[in-house]
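**Student:** Mind looking over this structure? Questions follow.
The values are calculated or read from the model by the stated rules, or taken from the named source; none is laboratory data. Note that the coordinates shown come from a computational prediction; the quantities given were computed from them, not determined experimentally. So basically every Cβ, Gly included, is an ideal-geometry build from the backbone, and we count neighbours across all protein chains shown. The accessibility values were calculated without ligands, DNA or RNA, using every heavy atom of the protein model including side chains. Shrake-Rupley method; radii C 1.70, N 1.55, O 1.52, S 1.80 Å.
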Amino acid sequence: MARKVSSIMARGTLVVALAGGALGIGRGALAAQVPTGLAEIRTHCAECHREVSPGHFDRISEERKTPEGWAMTIFRMRQVHGVQLTPQAEAAIIQYLSDVQGLAPAEVRAGRYALERRPNVPDLKLPDNLNVMCGRCHSVARIVLQRRTPAEWLKLINFHVGEWPYLEYQDGSRDIAWWRIASKQLPAKLGRLFPLRSAAWRAWQHRPHASLAGQWIVHGETPGHGAYYGTALIRRTAADRYGAHYQLRYADGARFDGASDAIVYTGFQWRGTGTLGGQSVHEVYFASADGARIRGRWFLIKHAEIGGNWAAARATGRAEVMAVIPSALRAGTTQRVVVVGRALVGRVNLGPGTQTTVAAHKPYGLILKVSVAAQATPGYRTVRIGGVSTHDLLAVYQHVDRLQVQPAFAIARLGGGTLAAVDAQFQAIGYTEVAGANGKTTAVRLGAMPVTWSVVPFDAAAAQRGDARFAGTLGQDGLFVPSGGGPDPRREFSDNNTGDLFVVATHKSGRGSVVGKARLVVTVQRWINPPIY
Ligand code: HEC
Ligand code: HEC
């Protein structure tokens, strides 16, 4: 097998050398403009992937995917097919392929959560039997984030059984005629659902990339710590490359500054690496088509499950309220409120039962002092500043009626050796019930509430095993940190420190306690951590 591949490789090299030579003749000017990524593909990939016509390579040019998708394929070219690449060559190839064979914004949307590595998000539901056929080893997001011709989908399926011939006998594939369905039905179906050629990509492909340089207003939320706000200065350092500086604060005043270097793939996919609040982070953000907004999630490099939401908008433009921090005010209190927004001038009114004075104008919005009357009617408030208003960014409440612990179902994983544990971050979202005009009550969302956290066994078996004692510890910021992996001599049968638990949040107010809970399964290590699960 190895010999066969190398003879194909040798022939491939010859063909490409000839084609390259022919191209070189009389094309000196053009050759000088060959993008680095394309030149690297000719050097490192074309020996196996024939350049059928200029810039069009066997297999490589028959599919489109995200930068993460390209990185995973190239990882396999190294790991399985012995390709040797410098980090620079690899980066150039990923950038080039993401630009000429990427996904349009609309094509990325459904699978974005996977790129942002949002923890505990249930996988997407694909039509028919696709989840059963293709979603048992990895997420179907991995599939949704690719586009291929039917013939290429078939080759991918062939590659799966070539690489894992036992595929049909494991992962529950014995309950279905896996190979028959996969080879006969799925290529056409996948080619229809996720086609190589699409109107969205045609429209996006040749659009000039908007520059993201400039001053930005930022707001977001870190589960476990709360909302933050501030400004970003983004400088363009090269084509599709940026350096960013962040001046941010949490609502409690803690500084949350940072800086990052980023590549923007396909004109809109921001992938940054830097620091935030002194910790090393990756940023997976997406710019809007007009380059006026950036949204996404940042996360710790060592713990992708720990991170926060990120939203940025240009600092100049039409007046707009983007966020109110905190998003809920209890009746009978006076507090500092930050209205994050742009061009906020004029009279400030937060609605019935509130009294507001403007304490400061800042580049990211206004700092207010707000008093809420003890008898103020609970419900959402319209925030009016000069000529702009928003309707669902601020609520007033008398008490918390209900707590919803998020995520409702979480998976944490033990650490082991050099492998970091997978933590689980919880937050307790409060709601107050408000009587509507029609006699029905509606739930008004108040945002994350201060609570005390505890764990209890999920059932009698978990109680008998002592899961709540062994599986890990839940901090008062809602962060569950699992114990170490491996046999624990203190447990029956020296069991691993896995566990099945309820996480309980308790909020105390004048009216007594409100409780919310979520399920937490603490399970074994995840040894393989690709960019798209
Ligand atoms: C030594 C030979 C060899 C080299 C060099 C090589 N590949 Fe491959 N490539 C393969 C083989 C064999 C397959 C089919 C099996 C597979 O998908 O792993 C493949 C498949 C692919 C596919 C299709 C994968 C899919 O998802 O179906 C892409 C895309 C690809 N290669 C890209 C590249 C790029 C980019 C490079 C250069 C960085 C490269 N290859 C270099 C041997 C090679
Ligand atoms: C037996 C487990 C298993 C099943 C079932 C499975 N996959 Fe995979 N798939 C994998 C593994 C493992 C990889 C990672 C291969 C690598 O890059 O090393 C992968 C990779 C992929 C990739 C990324 C490949 C690339 O280079 O871009 C896609 C897309 C994909 N699978 C689609 C599918 C589809 C479609 C199906 C259903 C027909 C399917 N998978 C069923 C295990 C599986």
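**Student:** Can you tell me which residue among Arg118, Arg109, Arg142 is open to solvent by 60 Å² or more (accessible area, probe 1.4 Å), within 16 Å of ligand 1 (Cβ to nearest atom) and closer than 18 Å to Val284 by Cα?
**Tutor:** Step by step, each of Arg118, Arg109, Arg142 is checked, and only Arg142 is open to solvent by 60 Å² or more (accessible area, probe 1.4 Å), within 16 Å of ligand 1 (Cβ to nearest atom) and closer than 18 Å to Val284 by Cα.
**Student:** Report, by residue number, each residue of the stretch 199-213 that is of a type in the set (Gly, Ala, Ser) and either under 23 Å from the mean Cα position of the chain (by Cα) or open to solvent by less than 20 Å² (accessible area, probe 1.4 Å) (or both).
**Tutor:** Ala200, Ala210, Ser211, Ala213
**Student:** Let me ask something else. Tell me, which strands (runs of 3 or more DSSP E) lie completely within the stretch 316-394 with 1 or more residues that are exposed (fewer than 14 other Cβ atoms within 10 Å of the Cβ)?
**Tutor:** 334-342, 354-362
**Student:** Which one of Ala151, Ala89, Ala141 is at pLDDT 95 or above and either away from ligand 2 (no atom under 16 Å from the Cβ) or of a type in the set (Asp, Glu) (or both)?
**Tutor:** Ala89
**Student:** Then there's this: Considering only the stretch 255-294, how many residues are surrounded by fewer than 20 Cβ atoms within 10 Å (Cβ to Cβ), modelled with pLDDT of 95 or more and not in a strand (DSSP E or B)?
**Tutor:** 6
**Student:** Right, something else. Taking the condition over 23 Å from Thr273 (Cα atoms), more than 12 Å from ligand 1 (Cβ to nearest atom) and surrounded by fewer than 21 Cβ atoms within 10 Å (Cβ to Cβ), does Val132 pass?
**Tutor:** Yes.
**Student:** Return yes when Val161 is in the same structural domain as Arg197 (by TED's automatic domain parsing), surrounded by fewer than 19 Cβ atoms within 10 Å (Cβ to Cβ) and within 14 Å of ligand 2 (Cβ to nearest atom) and no when it is not.
**Tutor:** It is true that Val161 is in the same structural domain as Arg197 (by TED's automatic domain parsing), surrounded by fewer than 19 Cβ atoms within 10 Å (Cβ to Cβ) and within 14 Å of ligand 2 (Cβ to nearest atom).
**Student:** Follow-up question, since we're still on this one. Of all residues in the stretch 41-82 being of a type in the set (Ser, Thr, Tyr) and more than 22 Å from Leu190 (Cα to Cα), which is farthest from ligand 1 (Cβ to nearest atom)?
**Tutor:** Among those residues, the one meeting the criterion is Ser53.
**Student:** In addition: Output the number of the condition that Arg64 fails; it satisfies all remaining conditions of (1) farther than 30 Å from Phe409 by Cβ; (2) outside any strand (DSSP E or B); (3) within 15 Å of ligand 2 (Cβ to nearest atom).
**Tutor:** That leaves (2) as the condition not met.
**Student:** Additional query: Could you please let me know if His81 is open to solvent by 60 Å² or more (accessible area, probe 1.4 Å), touching a residue at least 24 places away in the same chain (Cβ under 8 Å) and either assigned by TED's automatic domain parsing to the domain that holds Leu115 or within 16 Å of ligand 2 (Cβ to nearest atom) (or both)?
**Tutor:** yes
**Student:** Is the stretch 48-55 home to any residue that is open to solvent by 60 Å² or more (accessible area, probe 1.4 Å) and either at pLDDT below 95 or within 16 Å of ligand 2 (Cβ to nearest atom) (or both)?
**Tutor:** There is at least one residue in the stretch 48-55 that is open to solvent by 60 Å² or more (accessible area, probe 1.4 Å) and either at pLDDT below 95 or within 16 Å of ligand 2 (Cβ to nearest atom) (or both).
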